[in-house]
Each structure stands twice: as structure tokens, then as C-alpha cells.
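What follows is a single structure, written as C-alpha cells, with notes after it.
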Amino acid sequence: MTDGVDEVLAALADPTRRRLLDALADRGEATATTLAADVPVTRQAIVKHLSVLQQAGLVDGGRHGREVRYSVKSDRLAATANWMAGLAAEWDRRLQTIKRIAES
């Protein structure tokens with residue numbers, strides 16, 4: 001697998017983290033407190049979820065005074081999407097081969 005794909009898939013397996021990632025993508029940048037208004041979990045839980053997303057390389061947190069503002073990093077997500085597209089293409093080739101054999 002490509003570097004980071006396992007971490008990205010593990011991070012995205014949780015629906016709350018996917019929701020946070022969507023919220024960040026919509027807002028561009030947000031604090032954990034701001035994101036807590038969108039998700040029915042505590043701010044502390046949001047911070048833990050953001051930490052997992054950050055370790056997977058999906059978000060980046062930067063200090064602005066006393067706040068930490070998070071934003072989406074698309075590199076790892078794009079790499080994971082490319083890996084998935086390659087996997088899908090391989091399966092399409094295999095299925096075409098099976099179809100060709102079955103029809104001959």
C-alpha cells in the first residue's frame with residue numbers, strides 16, 4: 001500500500017471523524033469549539049478525533065493566539081483516492097478478462 005493509506009482509512013472509518021472533516025472542508029478553518037457545535041459530542045472528544053485526523057495527515061492544526069485552528073490537508077486523502085482508483089481499475093481489468101473468457 002501507499003504510505004499513509006492505512007492511517008487514512010482507519011481515521012475515516014469513524015463517522016464522527018468523517019463529519020468533522022466535512023465540516024472543516026466546508027468552513028476552511030475552525031477551532032475544536034466551533035466544530036463541537038456541529039457534532040453531538042464534547043469538545044474534548046472533538047480534540048481527540050482531530051488528533052487522530054492530524055496523525056493520519058488529513059488535518060493540520062495551527063496556533064493563533066490561544067486558539068488552535070484546524071484545516072483540511074488534502075495530500076493524503078488524494079493519495080488514498082488514487083490508490084483506491086488503481087485498485088478499482090485492476091478489478092475492472094480482471095472482470096473484463098473473465099467476461100472475455102466466458103463469452104468465447
Seminar exercise, completed: Sorted list, accessible surface of protein heavy atoms, 1.4 Å probe, largest first, for LYS73, LYS48 is LYS48, LYS73
For this session: Let me know the Rg and Dmax you get for the stretch 2-103 when you use only its Cα atoms, in Å.
Result: 17.8, 67
Problem set entry | Fully extended contour minus Cα-Cα distance, from VAL68 to GLU29, at 0.36 nm per residue | 13.0 nm
Exercise. How much accessible surface area, in Å² rounded to 10, belongs to the heavy atoms of ARG19 with a 1.4 Å probe?
Worked result: 120 Å²
Exercise. Of all the accessible heavy-atom surface of the chain, with the other protein chains kept in place and a 1.4 Å probe, what percent is carbon and sulfur?
Worked result: 51 percent
Exercise. Efficiency by 1/(1 + (r/R0)^6): what FRET value for VAL41 and ALA88, r their Cβ-Cβ distance, R0 = 35 Å, to the nearest 0.05?
Worked result: 0.60
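The values are calculated or read from the model by the stated rules, or taken from the named source; none is laboratory data. This structure is a prediction, so every number in the text was calculated from the model and none was measured. Cβ coordinates were reconstructed from backbone atoms using ideal geometry, including for glycine residues, and neighbour counts include every protein chain displayed. Please note that ligands, DNA and RNA were not included when accessible areas were found on the heavy atoms of the full protein model with its side chains. Shrake-Rupley method; radii C 1.70, N 1.55, O 1.52, S 1.80 Å.
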